[in-house]
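Heads up: the structure comes next, in structure tokens.
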Amino acid sequence: MNLSLFLFLIGILGFILNRKNIILMIIAIEIMLLAVTLLVLISSYSFDDNVGQTFSIYIISIAGAESVIGLSILVAYYRLRGTISLRT
Amino acid sequence: MTTFFVNILALGTLFSSVFAITSKNPVISIIFVIATFVQAAGYLIFIGVNFIGISYIVIYVGAIAVLFLFVIMMINIKLTDILETGNQYTKNLPLALAIGSLFTYVIFTIIPFNLNNVPALSLISESLINLNSLILNSNLISKDFISIIVNAYYNLSLSDINITDFTQIETLGYSLYTYGAIFLIILSVILLLAMLATIIISRSNK
């Protein structure tokens with residue numbers, strides 16, 4: 001449980017500290033989703049429950065859809081502006 | 001032995017995620033993200049969640065990391081555009097400190113920190129207890145102690161033994177298709193919408 005909490009903290013810090021690199025912000029969101037899924041999986045496995053694995057499949061699919069939309073927005077932004085820097 | 005591998009994989013997950021958010025080049029960062037996901041999948045497999053661990057490697061390394069690499073190779077990033085140095089970087093540091101300390105305060109108020117939660121420390125205490133009982137009554141070097149060592153080395157993990165036992169996947173499919181079926185339908189609609197949104201956003205409008 002400590003592993004997933006520290007991983008979530010690392011994801012939050014990566015999201016805050018890199019306000020300019022938008023690829024790294026999407027990577028930080030992926031790390032946070034990994035931490036949440038690890039927390040759900042580990043606690044449901046230690047309670048000998050099956051619902052956690054079902055929900056982890058939902059979370060993985062939502063994470064895939066989210067990263068796809070984020071990256072396509074990134075490509076459209078690059079096509080409009082010519083750069084991906086958030087701060088001008 | 002399993003505890004040792006679980007500790008090594010947990011430590012490797014934390015270190016490679018730190019390297020992923022602090023590296024300058026985005027390609028190196030993606031490589032460290034792949035290392036993070038592979039080590040987290042190994043952690044899950046070693047503690048016994050087999051199917052989700054393997055599907056983590058398939059989904060994240062096979063699909064999402066390749067998608068990130070494709071986008072990074074497709075757009076032309078100048079490294080001086082996305083780096084923030086000196087004054088720009090330390091401007092965000094007080095916000096990061098505030099949010100990090102608030103997060104740890106809230107989490108450790110809800111869940112009090114316990115030394116039994118850390119596997120490395122509990123491993124040390126268990127070995128100390130074993131050593132203590134070994135010294136106190138020395139006729140304990142017998143079948144028990146030898147069987148403990150043999151079990152620690154040869155009884156590797158549950159994932160090695162249960163490789164042909166599909167009960168975990170069976171129960172997962174049962175719960176996914178009975179009471180979780182409506183969530184599965186909503187999920188498929190969300191994935192379809194994601195595909196449509198990607199096509200519409202990246203369409204070149206002439």
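Annotations
- The HN-Hα couplings worked out from phi for region A:70-77 by the Karplus form 6.51 cos²θ - 1.76 cosθ + 1.60 (θ = phi - 60°) are x, 6, 6, 5, 4, 5, 5, 5 Hz, whole numbers, x standing for Gly and Pro.
- Which of A:24, A:47, A:64, positive extreme of dipole for chain A (C-beta unit charges): A:24
- Rough spin-label spacing in nm, given labels placed 7 Å along Cα→Cβ, for residue B:193 and residue B:2: 4.1
- The interface between chain B and chain A buries about 6000 Å² of solvent-accessible area in total (1.4 Å probe, ligands and nucleic acids excluded).
- Each label was represented as a point 7 Å from its Cα along the Cα-to-Cβ direction; for residue A:49 and residue B:25 these points are 4.5 nm apart.
The values are calculated or read from the model by the stated rules, or taken from the named source; none is laboratory data. Quantities reported herein were computed from a predicted structural model and do not represent experimental measurements. In this analysis, Cβ positions are derived from the backbone assuming ideal geometry, glycine residues included, and neighbour counts consider all displayed protein chains. All accessible areas refer to the heavy atoms of the entire protein, side chains included, with ligands and DNA or RNA removed. Shrake-Rupley method; radii C 1.70, N 1.55, O 1.52, S 1.80 Å.
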